[in-house]
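Colleague: Take a look at this one; I'll ask things after.
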Amino acid sequence: MGKGVFITFEGIDGCGKSLMLKRTAAALRERGLEPLLTREPGGSELGRRFRRLILDSPFDSVDERTETLLFAADRACHVRQVITPALEAGSIVLCDRYIDSTLAYQGYGRGLDIDFLRRLNDFAGCGLRPDLTLLLDVDPAIAAARRGAKADRMEQEQAEFFARVRAGYLALAGQCPRIAVIDASAAPERVAEQVWDKVRELL
Ligand code: TYD
C-alpha cells in the first residue's frame, strides 16, 4: 500500500455521488491538492470497453454471474493500472464506486453470495480497501426522480431492486467503520458540507 489516500463514493443510481465527487475535488484543489478522479466501471482504458459491455447491452442479455465477473475484471485492471500507481505516487484518489457496489448490487440486489463476492473483490482489487467510503443514502423514489430519462441497463431495474441495494449499503455501513453514511436527500450544499467534514477528518 502506497502513501496516498483512497476515498470512494457509493450509493444507488441518482443519489448524487458524482456531483459530490466533483465538489470534493474542487475543495481539495482550492487547498492546493491535485486529486485523481476515477470511476468504476470504466476507470481504465480496457475498463471503458467493459463499461460499454456492462451498461449498454440489452436489458436481458447479461445474466448476474456474467455481470459480476465483468465488474470484477474491470476492477482488476483499474486497480492495477490506475489506482495503485496513483496511491504509490502519493495522490488522493477519488473513485466513483468500488467494492461496496458489488456487495450492494450483485450481493443484496441480485442475491449472489456475499462471502463469495468479498473474496472476488479481494482477488480483483488485490486486497486494496478504501481509507474512507462516503455512502450517499437516499430514498429510491427521490433517486429515480433525479435520474435522467435515458436509463442504462442497470437503471432499468425496478424500484424493489434499488430498495434492496439501498438496504444492503446500510447493512454494510453498519458492519464497517470505514463507511460514513451521508443523508443525500438534503440540499446539495448541505450534502457537500457533510462529505467535506468526513474528508477533512481523514486528511
Ligand atoms: P455509475 O457509473 O454510477 O452510473 P452512472 O454513470 O449512470 O452514474 O454506475 C454504473 C452502474 O453499475 C450502476 O448502476 C451501479 C452498477 N455497478 C454494479 O452493479 N456493481 C459494481 O461493482 C459497480 C462498480 C457498479
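Colleague: Tell me, MET20, MET154 in order of fewest to most beta-carbon neighbours within 10 Å? Mind showing how you got there, number by number?
Modeller: Numbers: MET20 24, MET154 19.
Fewest to most other Cβ atoms nearby, the residues stand as MET154, MET20.
Colleague: Let me ask something else. About its Cα centre, how strong a charge dipole does the range 135-203 have in debye, to the nearest 20, once Lys and Arg get +1 and Asp and Glu get -1 at the Cβ?
Modeller: 160 debye
Colleague: A follow-up question, please. For a test of the definition: using alpha carbon positions, the gyration tensor, and the 1.5 limit on a/c, classify the range 138-203 as rounded, prolate or oblate.
Modeller: On the way: a/c = 2.56, a/b = 1.49, b/c = 1.71.
Oblate, because a/c is 1.5 or more while a/b does not exceed b/c.
Colleague: At 25 °C and 0.890 mPa s, what whole-number value in µm²/s does Stokes-Einstein give for the translational diffusion of the chain, with Rh from the Kirkwood sum over Cα pairs?
Modeller: Numbers: Rh = 17.0 Å.
Estimated diffusion coefficient is 144 µm²/s.
Colleague: Next question, about the same structure. Set the Förster distance to 22 Å, then compute FRET efficiency between GLU45 and LEU69 from the Cβ-Cβ distance, nearest 0.05. Mind dumping the intermediate values first?
Modeller: Details: r = 19 Å, r/R0 = 0.87.
It comes out at approximately 0.70.
Colleague: Name the residue, out of PRO41, PRO140, PRO188, whose mean-square fluctuation peaks in a Gaussian network model built on the chain with Cα pairs under 10 Å.
Modeller: Highest fluctuation of the listed residues: PRO188.
Colleague: Taking neighbour counts of Cβ atoms within 10 Å as a proxy for exposure, in what order, fewest first, do CYS95, CYS176, CYS77 appear? Intermediate results must be reported in sequence, preceding the final value.
Modeller: Details: CYS95 24, CYS176 13, CYS77 16.
Ordered from fewest to most neighbouring Cβ atoms within 10 Å, CYS95, CYS176, CYS77 come out as CYS176, CYS77, CYS95.
Colleague: Multiply the residue gap between GLN175 and ALA163 by 0.36 nm, knock off their C-alpha separation, and tell me the result in nm, one decimal place.
Modeller: Working: separation 12, 0.36 × 12 = 4.32 nm, distance 1.88 nm.
Full extension from GLN175 to ALA163 adds 2.4 nm.
Colleague: Which trypsin sites (Lys or Arg not before Pro) in the range 30-64 pass both tests, a DSSP loop state and at most 13 other beta-carbon atoms within 10 Å? Show your work: numbers first, answer last.
Modeller: Values: sites: ARG31, ARG39, ARG48, ARG49, ARG51, ARG52; in loops: ARG31.
Sparse-neighbourhood loop trypsin sites (Lys or Arg not before Pro): ARG31.
Colleague: Please work out whether the range 131-176 counts as rounded, prolate or oblate from its C-alpha gyration tensor, where a ≥ b ≥ c are the square roots of the eigenvalues and a/c under 1.5 means rounded, while otherwise a/b larger than b/c means prolate and anything else oblate?
Modeller: Numbers: a/c = 2.27, a/b = 1.88, b/c = 1.21.
Prolate.
Colleague: Something else about it: With the crude spin-label approximation of a point 7 Å out along Cα→Cβ, what separation in nm comes out for ARG146 versus SER57?
Modeller: Label-label distance for ARG146 and SER57, simple model: 2.8 nm.
Colleague: In whole angstrom, note down how far apart the Cα centers of the range 22-51 and the range 128-203 are.
Modeller: 17 Å
Colleague: What FRET efficiency comes out for the pair SER185/ARG119, r = Cβ-Cβ distance, R0 = 22 Å, nearest 0.05? Don't skip to the answer; put the middle values down first.
Modeller: Working: r = 34 Å, r/R0 = 1.55.
With a Förster radius of 22 Å, E is 0.05.
Colleague: Looking at the chain as a GNM with Cα springs under 10 Å, which of ALA186, ALA167, ALA149 has the largest mean-square fluctuation?
Modeller: Top of the fluctuation ranking is ALA149.
Colleague: For a quick check, take a GNM of the chain with Cα springs below 10 Å and name the residue from VAL93, VAL82, VAL138 with the largest mean-square fluctuation.
Modeller: Maximum fluctuation in the GNM of the chain, among the listed residues, is at VAL82.
Here, each number is a calculation from the coordinates, and none is a lab measurement. What you see is a predicted model, and the numbers here were worked out from it, not measured in a lab. Note that we place each Cβ from the backbone using ideal geometry, even for glycine, and neighbour counts take in every protein chain shown.
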